[in-house]
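What follows is a short report on a single structure.
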Amino acid sequence: MKSFTQKLIELRITLAQDSFGGKGNTKIIRQLSCDVEIEKAGLPSKNTAKISVCGMLLHDMEQLTSLSFRLKKTPRNKIAVYAGEEGKGVSLVFSGEITSAFADFNAPDVKFKMEAMTGYFGSITPARPLTYQGGADVGGIIGQLAGDMGYNFKNTGVSVQLSNPVLLGSPMDKAQAAAKAAGADLLVDDESVILSPRGQGNGEMPGGN
């Protein structure tokens, strides 16, 4: 006999600037009706999420509204999605930057719709070329870039020295180019940039847990 449990979705939205009514820059949404669609295809594609929420306050919707075609004016707001079952808590299933957010007043119940992408701002931010003389550790390079983008970094066993590397483009472009030059895989998942030996892109070492 199958039993059904109450599913839980929790959204945590963080403003890059300003605050929600003077009560901090993070709003946690727990008990509003919402629909979440998450895609995680792995690089070179990026993790994405489409989120629709009913019942948000008008002031919060106005504060979060942004349009994807106005890239230079898009605030660097972030969203984390947690999911689980009632009585068992929730765990992180997606984290990324909000690329567009707007209220849909065409339905009987007003919906606030958001789209988000992991590594979005790290991919569109202009940056000067990085050049190194002699050998440079790929883990050190990507770790620095991950920190610049606001991500944690995990190296699961890549110890390659790159010879006189020259890295161009956005911080994410540079990280991907460095991993490719080292013959390694790079994964950006939720809040972490993970460097792995080729073919072990799940972020685990052979025999790891």
Under a 1.4 Å probe, counting only protein heavy atoms, R198 has an accessible area in Å², nearest 10, of 140 Å²
Ranked order, L57, L11, L32 - accessible area, probe 1.4 Å, largest first: L57, L32, L11
On the full set of protein chains, 1.4 Å probe, figure out the accessible area of S100 and give it in Å² to the nearest 10. 10 Å²
How big is the accessible area of S33 in square angstrom, nearest 10, if you roll a 1.4 angstrom probe over the protein chains? 80 Å²
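Mean residue ellipticity at 222 nm from the helices of the chain, using -39,500 (n - 2.57) per DSSP H segment of n ≥ 4 over the full residue count, to the nearest 500 deg cm²/dmol?
Numbers: 4 runs with 35 residues, N = 209.
Computed ellipticity for the chain at 222 nm equals -4500 deg cm²/dmol.
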Counting other Cβ atoms within 10 Å of each Cβ, which trypsin sites (Lys or Arg not before Pro) in segment 105-157 have at most 11 and sit in a DSSP loop? none
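Within the accessible area of segment 83-183, what % is carbon and sulfur when the probe is 1.4 Å and the other protein chains stay in place?
50 percent
Taking only C-alpha pairs under 8 Å that are 6+ residues apart, what is the relative contact order of the chain in percent? Walk me through the intermediate numbers first.
On the way: 436 pairs, mean separation 35.6, N = 209.
Taking the mean separation of contacting Cα pairs over the length of the chain, I get 17 percent.
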Helix 171-181 axis, angle to the chain major axis (alpha carbon atoms, nearest 10°): 40 degrees
Using only the alpha carbons of the chain, determine the length spanned along each of the three principal axes and report them from longest to shortest in whole angstroms. 62, 51, 29
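Return one whole number: the accessible area per residue of the chain in Å², for a 1.4 Å probe. Numbers along the way, then the final one.
Numbers: 12080 Å² over 209 residues.
Dividing the accessible area of the chain by its residue count gives 58 Å².
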Which FRET efficiency value, to the nearest 0.05, do you get for T26 and A181 by plugging their Cβ-Cβ distance into 1/(1 + (r/R0)^6) with R0 = 41 Å? 0.60
Proximal charge balance of D190 [Cβ under 15 Å; K/R count +1, D/E count -1]: 0
Mind telling me which of A80, A16, A175 comes out most flexible in a GNM of the chain, alpha-carbon contacts under 10 Å? A16
The chain: longest stretch without exposed chymotrypsin sites (Phe, Trp or Tyr not before Pro) (DSSP loop, at most 11 other Cβ within 10 Å), sites themselves excluded? 106-209
Largest first, what is the accessible-area ranking of E39, E85, E191, E10 with a 1.4 Å probe? E39, E191, E85, E10
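The values are calculated or read from the model by the stated rules, or taken from the named source; none is laboratory data. In this text the structure is predicted, and so the values were computed from the model without any measurement. Note: ideal-geometry Cβ built from the backbone for every residue, glycine included; neighbour counts use all protein chains shown. Calculation scope for accessible area: heavy atoms of the full protein, side chains included, ligands and nucleic acids excluded. Shrake-Rupley method; radii C 1.70, N 1.55, O 1.52, S 1.80 Å.
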